[in-house]
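Presented below is the structure to which this report refers.
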Amino acid sequence: MTEPTPILIVFGTDGEGKPRASRFGERDAELATKAAALLGFRTAWITDEAGCAITQALPDGNVFARGNGFIRLVRQSAFDKLCAAVDGRVAATPEKAAVG
Amino acid sequence: MSNQSKPGELDQATRLVRRICRVAGDPRLIDKLSRDLATRGVRSAIRRHDTGVLFDWLLETISYQGIGNHVAHGYMQRHGRVRWNDIAALLKVRPSCPKLQSYWHFDHCGYQKVERCCAEPDHFAACPLPTHDLRNGRLNQAAYSLVLFMRDVANGDFVGWIDRRLADADLTSAPDRPARLRQAVVEPLTHAYGVSNKVLSMALANFLLAGDARRVVWIEAGAVMIAVDTLVHNFLHRTGILGRLGAGHPYGPACYAPGGCAEILERIAANIDARRFNPAFPANFPRFVQHAVWAFCAEGGLDQCNGRQIDDRKRCARNECPVFRQCDRVPLKPKNGPAR
């Protein structure tokens, strides 16, 4: 059986407290990770089948889009499932990141 | 483009446009672009990977969008130009505005020059963005957005970023390879504030075609970049090409959408071997074809097909036009009809 292709997830709550999450391919991973750190979102690589099933429901992100275009709004239920899959804990909150 | 359009319609469109290329095509197009870029220091900046010079050149090109060239040029002559070094230095001291933290933060800045306001009024007094006397507030935002793109997305090396983007797209030999090459560079940059697809396509076509003869994939990408302005769109409408191909649409974003002006010109160009105009040209050269159409229409070119020469309420009656007999002469703004 083939291993699932790793998917990078960027997720967190935005300045208005709304849950956001999107998936990125390996090609955009470096830039997505950089943008996520600057914007205070969390990142996680999903490599297992159960996680991949959850990420299927997430929209694609866009590393070149600014502001809210970078990662998309998602339903709270999908966000909670994602958080549980990543670390078993609840909602990620954005942290102020230093700008390099 | 309608799937119902007959192959014969595309052939007719190709014949008409081929004639335009004979009349208005510039066999020295790449040579002229090379000289222009060399004069402006762009070619040497590419060799040195000097992002600052490339930003200065690109922003100046963007400054010409949406207004007559002489007005834009006159304003820059009187008020000066904003340079990469100016903005980079101002950003280095970390302005307080949260929107200036990174490319991804710079969204909905809302700066308005005349009203002297923005979306972050608490930070306005200390903001560096309004300190540059550009023609309008949108240009100030475009300048900062572009600097932030080149700093954060391209990691300060715009040439290296283009090389990587095109190398990724170069892996494919799919039939949509021209579109992929074009989109690899143009699409990301359209997310920067205030940078239109048209201006980017025009600027990057010249840049890639004539920037460095040793970068083969750059030339291939530049050759397929098409800039659709109102002249080109109106030409495709007046000649009946849009109508025959079932692709009627108003001027605007639809020109770049599937089936729009850009795709039609690309399909026509695929049937015109540009090497017949200059053996050094690539065989498939949509930019040459589009430039010929533009030059045929523009007042600064052959001044043949434009609103000053044609009464757009009626069918064109200019029987001195070189393609008069091949052209459907569709009125652009017929009486009692919608404007196109």
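The values are calculated or read from the model by the stated rules, or taken from the named source; none is laboratory data. Every value quoted in this text rests on a predicted model; they were computed, and no experiment measured them. Methodologically, a virtual Cβ is constructed for each residue, glycine included, from the backbone with ideal geometry; neighbour enumeration extends over all protein chains shown.
Residue by residue, here is whether (1) of a type in the set (D, E, K, R); (2) within 24 Å of B:Ala38 (Cβ to Cβ) holds:
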| residue | (1), (2) |
| --- | --- |
| B:Leu171 | no, no |
| B:Ala174 | no, no |
| B:Lys198 | yes, no |
| B:Ala210 | no, yes |
| B:Ala213 | no, yes |
| B:Ala223 | no, yes |
| B:His237 | no, no |
| B:Arg244 | yes, no |
Of residues in segment B:171-190 being in contact (Cβ under 8 Å) with a residue 24 or more places away in the chain and within 14 Å of chain A (Cβ to nearest Cβ), the one surrounded by the most Cβ atoms within 10 Å (Cβ to Cβ): B:Leu189
I'd like to know if segment B:32-50 contains one or more residues that are buried (at least 19 other Cβ atoms within 10 Å of the Cβ), within 22 Å of the chain's Cα centre (by Cα), at pLDDT 95 or above and closer than 21 Å to B:Ala298 by Cα. yes
Go through (1) in contact with a Lys or Arg (Cβ under 6 Å, 6 or more places away or on another chain); (2) at positive phi for B:Gly252 and report which single condition fails. (1)
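Can you find a residue that is over 22 Å from B:Tyr64 (Cβ atoms) and either of a type in the set (S, T, N, Q) or surrounded by fewer than 16 Cβ atoms within 10 Å (Cβ to Cβ) (or both) anywhere in segment B:136-152? So that I can check it myself, show each step before the final result.
Start the filter on segment B:136-152 by keeping residues that are over 22 Å from B:Tyr64 (Cβ atoms), which leaves B:151-152.
Now narrow it down to the ones that are either of a type in the set (S, T, N, Q) or surrounded by fewer than 16 Cβ atoms within 10 Å (Cβ to Cβ) (or both): none.
So far as segment B:136-152 goes, no, none of its residues is over 22 Å from B:Tyr64 (Cβ atoms) and either of a type in the set (S, T, N, Q) or surrounded by fewer than 16 Cβ atoms within 10 Å (Cβ to Cβ) (or both).
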Per the filter on segment B:49-96, residues closer than 16 Å to B:Ala192 by Cβ and in contact with an Asp or Glu (Cβ under 9 Å, 6 or more places away or on another chain) are B:Thr51, B:Val82, B:Trp84
Residue check, A:Thr43 in a strand (DSSP E or B) and among the β-branched types (Val, Ile, Thr): yes
For residues that are more than 13 Å from chain A (Cβ to nearest Cβ) and not in a helix (DSSP H, G or I), tally how many sit in segment B:103-126. 8
Of all residues in segment B:51-67, which are in a loop (DSSP other than H, G, I, E, B) and surrounded by fewer than 19 Cβ atoms within 10 Å (Cβ to Cβ)? B:Tyr64, B:Gly66, B:Ile67
Go through (1) among the aliphatic types (A, V, I, L, M); (2) surrounded by fewer than 22 Cβ atoms within 10 Å (Cβ to Cβ); (3) touching a residue at least 24 places away in the same chain (Cβ under 8 Å) one by one and return the number of the condition B:Ala292 breaks. (2)
Can you tell me which residues in segment A:3-25 are more than 12 Å from the chain's Cα centre (by Cα) and closer than 14 Å to A:Cys52 by Cβ? A:Glu3, A:Pro4, A:Thr5, A:Pro6
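Tell me, please, whether a residue that is in a loop (DSSP other than H, G, I, E, B), among the hydrophobic types (A, V, I, L, M, F, W, C) and either in contact with a helix residue (DSSP H, G or I) (Cβ under 6 Å, 6 or more places away or on another chain) or more than 25 Å from A:Ala32 (Cα to Cα) (or both) can be found in segment B:36-44. Steps first, answer last, please.
Keep residues of segment B:36-44 that are in a loop (DSSP other than H, G, I, E, B), which gives B:40-41.
Now narrow it down to the ones that are among the hydrophobic types (A, V, I, L, M, F, W, C): none.
No, there is no match, as no residue in segment B:36-44 is in a loop (DSSP other than H, G, I, E, B), among the hydrophobic types (A, V, I, L, M, F, W, C) and either in contact with a helix residue (DSSP H, G or I) (Cβ under 6 Å, 6 or more places away or on another chain) or more than 25 Å from A:Ala32 (Cα to Cα) (or both).
Of these, B:Ala205, B:Ala221, B:Ala269, which one is more than 25 Å from B:Asp303 (Cα to Cα) and either in contact with a Pro (Cβ under 6 Å, 6 or more places away or on another chain) or of a type in the set (Gly, Ala, Ser) (or both)? Even if it seems obvious, please write down each step before you answer.
Numbers: B:Ala205 fails: more than 25 Å from B:Asp303 (Cα to Cα); B:Ala269 fails: more than 25 Å from B:Asp303 (Cα to Cα).
Among B:Ala205, B:Ala221, B:Ala269, only B:Ala221 is more than 25 Å from B:Asp303 (Cα to Cα) and either in contact with a Pro (Cβ under 6 Å, 6 or more places away or on another chain) or of a type in the set (Gly, Ala, Ser) (or both).
Could you check segment A:1-56 and list, in sequence order, the residues that are of a type in the set (Phe, Trp, Tyr) and either within 14 Å of chain B (Cβ to nearest Cβ) or under 14 Å from A:Arg72 (Cα atoms) (or both)?
Just the residues of segment A:1-56 that are of a type in the set (Phe, Trp, Tyr), to begin with: A:11, A:24, A:41, A:45.
Residues satisfying the conditions are A:Phe11, A:Phe24, A:Phe41.
Could you please find all residues in segment B:191-206 being within 12 Å of another protein chain (Cβ to nearest Cβ), aliphatic (A, V, I, L, M) and either crowded, with 23+ Cβ neighbours inside 10 Å or without any contact (Cβ under 8 Å) to a residue 60 or more places away in the chain (or both)? Step through it out loud before you land on a result.
Just the residues of segment B:191-206 that are within 12 Å of another protein chain (Cβ to nearest Cβ), to begin with: B:191-195.
Now drop any that are not aliphatic (A, V, I, L, M), which leaves B:192, B:195.
Residue satisfying the conditions is B:Ala192 alone.
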Looking only at segment B:145-169, count how many residues are within 14 Å of another protein chain (Cβ to nearest Cβ), in a helix (DSSP H, G or I), touching a residue at least 40 places away in the same chain (Cβ under 8 Å) and charged (D, E, K, R). 2
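In the list B:Arg325, B:Arg275, B:Arg287, which residue meets the criterion of being part of a helix (DSSP H, G or I) and surrounded by fewer than 14 Cβ atoms within 10 Å (Cβ to Cβ)? Break it down stepwise before answering.
On the way: B:Arg325 fails: part of a helix (DSSP H, G or I); B:Arg287 fails: surrounded by fewer than 14 Cβ atoms within 10 Å (Cβ to Cβ).
Sole residue among the options that is part of a helix (DSSP H, G or I) and surrounded by fewer than 14 Cβ atoms within 10 Å (Cβ to Cβ): B:Arg275.
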Filter pass, B:Leu129 being of a type outside the set (Lys, Arg), crowded, with 17+ Cβ neighbours inside 10 Å and within 14 Å of chain A (Cβ to nearest Cβ): no
Near pairs, Cβ below 6 angstrom, 6+ apart or cross-chain, from segment B:207-223 (without any contact (Cβ under 8 Å) to a residue 40 or more places away in the chain) to any residue that is of a type outside the set (Lys, Arg): none
Residues within segment B:233-263 that are within 23 Å of B:Gln183 (Cβ to Cβ) and small (Gly, Ala, Ser), tallied: 7
Pairs only if they're at least six apart or on different chains, beta carbon under 9 angstrom, first in segment A:57-84 and within 14 Å of chain B (Cβ to nearest Cβ) and within 15 Å of A:Ile46 (Cβ to Cβ), second assigned to a loop (DSSP other than H, G, I, E, B) and among the polar types (S, T, N, Q); list them, first residue then second. A:Ile71/A:Asn62
Anything in segment B:77-102 that is more than 14 Å from chain A (Cβ to nearest Cβ) and free of Cβ contacts under 8 Å to residues at least 40 places away in the same chain? List them, or say none. B:Gln77, B:Arg78, B:Arg81, B:Arg83, B:Asn85, B:Ala89
